[in-house]
Amino acid sequence: MAAAETGRAHEENEDLVDLDKELGPFTGSAIDYRLPCTGYRGHRCKIVSHLSSWNEYLCQACLELKETVGKAGELSLLSFYNPEVRRLEKEGKHVVATLLYWLFSLHHCLTFVQITVEQLQPYEAIFWKALIWNSHVFQSLQTLHFTGKHFYNQVCPEKILDGLSRLVRETNSLTALKMHSLSMKTPDAKRFLGALAQNRTLKELSLHGSVVRHSAFKEYLENSALLQALTIVACNEGEENCLMWPLRGLRLNQSVSKVSFRDAIVEQPVAELVASFLTESQILRTFRLLLPEPGGSYQEDFESDVLVEKKLFEADMRPSEGILHDC
């Protein structure tokens, strides 16, 4: 191993807990965290026989590792909510973050990740390091879903931005990316969109409104022939015409059949674009809109102008109901 690689490996391992000294909180048993991956399509990995040991630790951070339903040989890492789970102490979070590091580093059978990263604070950097700088992730991860309200006070750290940009640019497997809780400043959003333009795998995409209010996103939609579902969340922050560029791009897109906008401010120019989009689109099958505050004049204008057109599609524009249940 080259000196630089040796130094990097040493630096990474310095951040990790020595799991050889850890015992399960309930059974008092050790965990074989270095078990190599033996899974491939249709064949289970050996780790499946040890899921109870892994979940003995992970459940303390409201995480569960399980077999993916209907996909033998694949694993899912899922966040869950349980108010009865006692809040994990700092040391326990360090252990869980270290376990996730080894899981991502060793197991290409992990194809689905849904996680609230805040649950790992202050050790979320270990998770990010394992997720976005690991070759297994680029070759095998199919779905990546970040849950939770907001990350990092709505500012994307540069290292995370670099990693996510590299992931969408180089992945051979990722088909669904849901990161609508992660906002970006304008220069960062443009960098990310530059990487997104090079992606050739995504079929489902969910982004924060701050990421899409640029002409580069319009160009991405115009050129994308694979994307099928688009969700944009928090369209009411900052500039009110957040949806202008996405709608202009969607009018020329020939693949997206499902569109969802949440917390959207609908001014007259946006309402007109939506009406044109609904009228012109030959492939749209589902359109959903959730407005932040019912009763506004623009909302009423939008409803009266567009609801006539929505009958052509399976459109759903109910401002008073929550319609994006996975957010």
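Name the single residue, out of those in the stretch 106-130 being in contact with a Leu (Cβ under 8 Å, 6 or more places away or on another chain) and of a type in the set (Phe, Trp, Tyr), that is farthest from Val69 (Cα to Cα). Filtering the stretch 106-130 for residues that are in contact with a Leu (Cβ under 8 Å, 6 or more places away or on another chain) and of a type in the set (Phe, Trp, Tyr), the one farthest from Val69 (Cα to Cα) comes out as Phe127.
Annotation note: Cβ proximity below 8 Å between a residue of the stretch 188-201 that is outside any loop (DSSP other than H, G, I, E, B) and a residue that is among the charged types (D, E, K, R) (sequence gap 6+ or interchain) occurs for Asp188/Glu158; Ala189/Arg213; Ala195/Arg166; Ala195/Arg169; Leu196/Arg169.
Filtering Ser79, Ser52 for residues that are within 20 Å of Leu131 (Cα to Cα) and modelled with pLDDT of 85 or more leaves a single hit, Ser79. Scanning the stretch 257-282 for residues that are within 20 Å of His180 (Cβ to Cβ), surrounded by fewer than 21 Cβ atoms within 10 Å (Cβ to Cβ) and charged (D, E, K, R) yields a count of 2. Report, by residue number, each residue of the stretch 115-127 that is surrounded by fewer than 19 Cβ atoms within 10 Å (Cβ to Cβ) and not acidic (Asp, Glu). Within the stretch 115-127, Gln121, Pro122, Ala125 qualify. Residues that are surrounded by fewer than 16 Cβ atoms within 10 Å (Cβ to Cβ) and among the small types (Gly, Ala, Ser) within the stretch 208-226 comprise Ser215, Ala225, listed in sequence order.
Scanning the stretch 191-222 for residues being modelled with pLDDT of 95 or more and out of contact with any Leu (no Cβ under 9 Å at 6 or more places or on another chain) gives a total of 4. Inspect all residues belonging to the stretch 21-33 and state whether any of them is buried (at least 16 other Cβ atoms within 10 Å of the Cβ), assigned to a loop (DSSP other than H, G, I, E, B), within 27 Å of the chain's Cα centre (by Cα) and at pLDDT 90 or above. Checked the stretch 21-33: at least one residue is buried (at least 16 other Cβ atoms within 10 Å of the Cβ), assigned to a loop (DSSP other than H, G, I, E, B), within 27 Å of the chain's Cα centre (by Cα) and at pLDDT 90 or above. For the stretch 142-159, the criterion of being among the β-branched types (Val, Ile, Thr), part of a loop (DSSP other than H, G, I, E, B), touching a Ser or Thr at 6+ places or on another chain (Cβ under 9 Å) and at pLDDT 85 or above is met by none of the residues.
The values are calculated or read from the model by the stated rules, or taken from the named source; none is laboratory data. Being a predicted model, the structure only gives us computed values, none of them experimental. Because the Cβ atoms are built from the backbone with ideal geometry, glycine has one as well, and the counts that use them run over all protein chains shown.
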